Amino acid sequence: MSISIKKPEQITKMRVAGKLASSVLEMIGEYVKVGITTEELDKICHSFIVNDLDCIPAPLNYNGFPKSICTSVNSVVCHGIPGDKKLKKGDIINIDITVIRDGFHGDTSKMFIVGKPSVKATKICQVAQECMMLGIKQVKPGIHLGEIGKVIGSYAHSKNCSVVRDYCGHGIGEVFHELPQVIHYNDGKIDRSPILEPGMTFTIEPMINLGSYEVITSRLDGWTVTTKDRSLSAQWEHTILVTENGYEILTLREEEENS
Ligand code: MF3
Ligand code: CO
Ligand code: CO
C-alpha cells in the first residue's frame, strides 16, 4: 500500500471534518474544571458531536474502544478511557477528538491545565505544543517525512524532555489510521521515509514526557498508556494537509489563528 493523495473534492471534505473536530475542543474548554469527571466530559462531547455537529465520534467502538473521546490525565500518555475519576487542581489533561463527517476524519487534541498550573505542568504542556508546531512548520512538498521527527526530537532533547516512540502520527482520510506513519523522534538512522507531495493528509501528534520516553499499556483495560516512570506527559495533535507551497492545518482553532 502507498500513501493516498487526496483529490480536491476529498480535500474539501477533510477541511469540513477538521473544522468540526476543532470546534469540539473549543466547546469543551469551559467544562474542564476541578470536580468534573472525564466520563462527564465524554458525555458532553458525545452529545455535541452527534446532535449538534451531525458527526460520528470515531473512537467509539474503534477496535473495541468504549468511549467517544480519549482523556489522558497527568502521567497518562494517550488513549485514556473516560471514567469516574474527578479532575483535581493542577491536573493536566489531553482531550483527543476524532470525528467523521461525510466519510472523512478530522483528528485533533490539546492540553488543558486544571486550576492553578504548576511549573512542571506549564513546562510539559508548552514544550509539547512547541514540538507539534515545529514539526508542522517543516511540512512542504519535497521534504522527507522524517524531517518532522528530527526537529521534534532535537527540540524536546534541548528542553530535557523525551519523545514517546511507541505511538506515531498517521495518514488520515476515509480511514482513521492509514499510511504514512509519522514518527516524532529522531532515530539517527539514514532517512528512508517517504517524500511529501501535495494532497497528502496526516496527523502530527507528538507525545512528550518530562522523564523517560518509555511507556506501558494497562493490562487491566488494554488501552491506557502511561509513562513507565510516572512522569508527566503531554500531547497536542493537528490534522495537516500538504499544499503546493507548504501546509494547511485542517484542525486549526480560532485561538490559534493569530499565533
Ligand atoms: N485519536 C487517536 C489518534 O490520535 C486515536 C484514538 S484511537 C482510540 O490517533 F481507540 F483510542 F480511540
Ligand atoms: Co491521531
Ligand atoms: Co487523535
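The values are calculated or read from the model by the stated rules, or taken from the named source; none is laboratory data. If you're wondering where the values come from, they're calculated on a predicted model, not measured in any experiment. No Cβ is skipped: glycine too gets one built from the backbone with ideal geometry, and neighbour counts run over all protein chains shown.
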*Exactly one of (1) in contact (Cβ under 8 Å) with a residue 12 or more places away in the chain; (2) within 13 Å of ligand 2 (Cβ to nearest atom) is unmet by Gly211. Its number?*
(2)
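Mind listing just one residue for me: the one in segment 74-107 that is of a type in the set (A, V, I, L, M) and not in a loop (DSSP other than H, G, I, E, B) and, of those, nearest to ligand 1 (Cβ to nearest atom)?
Here the residue is Ile97.
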_From the options Lys110, Lys33, residue that is surrounded by fewer than 21 Cβ atoms within 10 Å (Cβ to Cβ), touching a residue at least 40 places away in the same chain (Cβ under 8 Å) and outside any helix (DSSP H, G or I)_ = Lys33
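Yes/no per residue for (1) farther than 25 Å from Ile216 by Cα; (2) β-branched (Val, Ile, Thr):
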| residue | (1), (2) |
| --- | --- |
| Gln126 | no, no |
| Lys140 | yes, no |
| Ile148 | no, yes |
| Gly153 | no, no |
| His157 | no, no |
| Arg165 | no, no |
_Take the conditions crowded, with 19+ Cβ neighbours inside 10 Å, within 16 Å of ligand 2 (Cβ to nearest atom), touching a residue at least 40 places away in the same chain (Cβ under 8 Å) and farther than 16 Å from Ala128 by Cα and apply them to Thr224. Does it pass?_
no
*Search result, residues across segment 81-136 that are among the basic types (Lys, Arg) and over 19 Å from Thr201 (Cβ atoms)*: Lys85, Lys86, Lys88, Lys89, Lys110, Lys116, Lys120, Lys123
*Got a sec? Which of Lys123, Lys116 is more than 15 Å from ligand 1 (Cβ to nearest atom) and either at pLDDT 95 or above or of a type in the set (S, T, N, Q) (or both)?*
Lys123
*Within segment 141-159, is even one residue of a type in the set (A, V, I, L, M), within 18 Å of the chain's Cα centre (by Cα), surrounded by fewer than 18 Cβ atoms within 10 Å (Cβ to Cβ) and within 15 Å of ligand 2 (Cβ to nearest atom)?*
no
*Is one or more of the residues making up segment 6-21 in contact with a helix residue (DSSP H, G or I) (Cβ under 9 Å, 6 or more places away or on another chain), free of Cβ contacts under 8 Å to residues at least 60 places away in the same chain and among the hydroxyl-bearing types (Ser, Thr, Tyr)?*
no
*Only residues in segment 228-255 that are within 16 Å of ligand 2 (Cβ to nearest atom) count as the first member; pair them with residues that are among the polar types (S, T, N, Q) and part of a loop (DSSP other than H, G, I, E, B), Cβ under 9 angstrom, at least 6 apart or cross-chain, and list the lot.*
Ser233/Asn74; Ser233/Ser75; Glu237/Thr251; His238/Thr251; Thr239/Thr251; Ile240/Thr251
